[in-house]
Structure formats: C-alpha cells, structure tokens
Amino acid sequence: MAAPRTLVTRPEREALQWVAALQARGLAAQALPLIAIAAPADAAALQAARERAAGYRAIMVVSGNAAQHFFDPKTVQTLAGQAQAAIKTRVWSPGPGTAQTLQALGLAADCIDQPAADAAQFESEALWAQVHGQVAPRDRILVVRGAEAGAPADGSGREWLAQQLRAAGAEVDFVVAYTRCAPEFTAAQRALAQQAAHDGSLWLLSSSQALSHLCAALPGQAWGQARALATHPRIAQAARAAGFGCVRECRPALADVAASIESAP
C-alpha cells in the first residue's frame, strides 16, 4: 500500500524544504503552511541586538526562521571575524534543521552547537545537555525568538533554558526577530484542508500553534476522520484534544518522520 499524502504545516520556507526532502524519498508531500512569518514589531531592537552580537558568549536561535531574520550578512561577517583574543561567540541551535539553516547563512559548522543526533527530542533540555559546560558566571547569552501576533512584544519561549542559564550565573537577553501569525488561506488551500480532514491525508504537525490556526480557520470542521503525525507529545495531545481521530508521534528528525509516514496504516 502506498504511503498517504502528507501535508507539511510548517511556515512556508521550512514547509517547502520538508516537502522537497520527503519527495526525494519517494513520498507524496504537499505544503500547507499553518503559520505565517512577518516582521517583528520592534525592528530597531533587532538591529541593536545584531550590533551587539559579538559581545555575547552564545546566541541561541529558536528556529530556522529566527536564524534567517537575525543573521544578516554583516552579523555573520562580524562573528566570523572575531579576533583570537576576543570572546568566541557560539551559536546554539535547537536541532539539525536550524543548524543547516545557520550554515547556509554562512556560519561555520564548528561554531554551532545542537542536541545530540540521537536525542529523543530537539528541544531546550537536549541542547542544554550539550552546552551547559560552556557557561560561566557573568557570561551574556542572547536568545533570538519570535512573538505571537497580538501578544506581548518581547516574545515567548525558551523560559526553561533561561532559568538554567541564570542559575549558572549567566545574564540572559531576549530579542524578537519575527512575528508568528495565522495564515490567510486561499480558496484552494481552504478546500485542500477541508478535503484532508477526511480523505486519509496525514497532517504533519510540528507546532501546537499551527494546529490552533487550522482549527480557527475551519470553525466547525469535524476532525474525527483526520490523521496526524505529531513531532512532540504536547502537539499530539493538542491534536487529540482538537478531535483528530488518529494521532501518532515520532521524533522530529527527517529520517524518523519519513519512516513514520511509510509505516502509516
């Protein structure tokens, strides 16, 4: 039996990359972004953080979109040109996808830290296991993250990591590099989402926020026949709460996602 069509719901840039990677493995995949990415509310704060980049012990980017919106060519060049006697700024990534984006932007692989390849999840806990030894008292760490449209402008996310850093004596700054918004479906996208609610398609869910946007875009839609593949237990729980009839879980690595799609009943 052929594997089901998979709808990739990440923001558009990432969704297209995942679609290409899944199609390269012979899987039917289509992008249906459930998160739109917009400019941050405070562009001046973002630029000021870029200009201070070389003064940080490490810069943690929460996603590929955070990397894209923070690391302009000048900032990459500044970090690459740090003098031998200067603090060598590390760049922390939550997983391999973001690490690949950082390298594509021009950052050297040997300055990037990320969770172990066999980590159960690519998240703060797994990253901290790799980088905690780098942190000394009075080190300054920058966390580059996003903000929700209509939510506080200082953004949200990685509070657990910030707590560990402060407990180690470090100072933590946050900067918002982009805003996450609900997408505006075209008529074709709306029809695709409605059809995929019952035709056996597999919704690849990597964000609870994306699921919220989907439910808001299709109020009253019955999800009892819908199937989801969630890359985190919290996302799986949210999909079940939304009424998805079949929810499976897998690690967020490409190989694990592809294997789960191939083995879907």
Revision key, fill the gap. Once phi for every residue in the range 236-248 is put through the Karplus expression 6.51 cos²θ - 1.76 cosθ + 1.60 (θ = phi - 60°), the whole-Hz ³J(HN,Hα) values, with Gly and Pro written as x, are 4, 4, 5, 5, 5, 5, 6, x, 4, x, 9, 10, 10
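Dipole of the chain, Cα-centred, from +1 at each Lys and Arg C-beta and -1 at each Asp and Glu C-beta, to the nearest 20 debye?
Numbers: 22 positive and 21 negative charges, 9 e Å.
With only Lys, Arg, Asp and Glu charged at Cβ, the dipole is about 40 debye.
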Review point. Between Arg13 and Ala191, what length in nm is gained on full extension when 0.36 nm per residue of separation is reduced by their alpha carbon distance?
Key: 61.9 nm
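For a quick check: sort Leu27, Leu32 by the number of other beta carbons within 10 angstrom, fewest at the front. Don't skip to the end; give the middle numbers.
Working: Leu27 19, Leu32 23.
Arranged by neighbour count, lowest to highest, Leu27, Leu32 become Leu27, Leu32.
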Exercise for review: Name the residue, out of Ala168, Ala147, Ala126, whose mean-square fluctuation peaks in a Gaussian network model built on the chain with Cα pairs under 10 Å.
Suggested key: Ala168
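Just to be sure I understand: if I project the alpha-carbon convex hull of the range 38-180 onto a plane and average over all orientations, what area do I get in nm²? Write out the running numbers ahead of the final one.
Working: hull surface 32.6 nm².
Over all viewing directions, the range 38-180 projects a mean Cα-hull area of 8.1 nm².
Quick one: net charge of Leu218's neighbours, Cβ under 14 Å, K/R +1, D/E -1? Please list the in-between numbers first.
On the way: positive: Arg190; negative: Glu184.
Local net charge: 0.
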Check your understanding: With charges only on Cβ, +1 for K and R and -1 for D and E, what is the dipole size of the range 150-265 about its Cα centre, in debye, rounded to 20?
Key -> 260 debye
Exercise for review: Quick one: pull the percentage of alpha-carbon pairs in the chain with a separation above 23 Å.
Suggested key: 54 percent
Review point. Of Pro40, Ala54, Ala120, which is farthest on the positive side of the dipole of the range 11-141, counting Cα position, with +1 on Lys and Arg Cβ, -1 on Asp and Glu Cβ, and the Cα centre as origin?
Key: Ala54
Check your understanding: So, in Å, what gap is there between the alpha-carbon centers of the range 180-229 and the range 237-261?
Key -> 14 Å
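Which order do the peptides 175-186, 131-142 take when ranked by the mean count of other beta-carbon atoms within 10 Å per residue, highest first? Display every interim value, and only then the final one.
Working: 175-186: 19.2, 131-142: 15.1.
Descending mean neighbour count gives 175-186, 131-142.
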Exercise for review: Can you tell me the dipole magnitude for the range 38-180 around its Cα centre, using point charges on the Cβ only (Lys, Arg +1; Asp, Glu -1), in Debye to the nearest 20?
Suggested key: 340 debye
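For the chain, what proportion of DSSP beta bridges, expressed in % and rounded to the nearest 5, is antiparallel?
10 percent
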Study note, to complete from the structure: Expressed in Å to one decimal, the Kirkwood Rh of the range 157-265 from all distinct alpha-carbon pairs is 15.9 Å
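Laboratory data are not the source of any read-out in this text; all were calculated from the coordinates shown. These numbers were taken from a predicted model, which means no experiment stands behind them. Quick reminder, even Gly has a Cβ in these numbers, built from the backbone with ideal geometry, and neighbours come from all protein chains shown.
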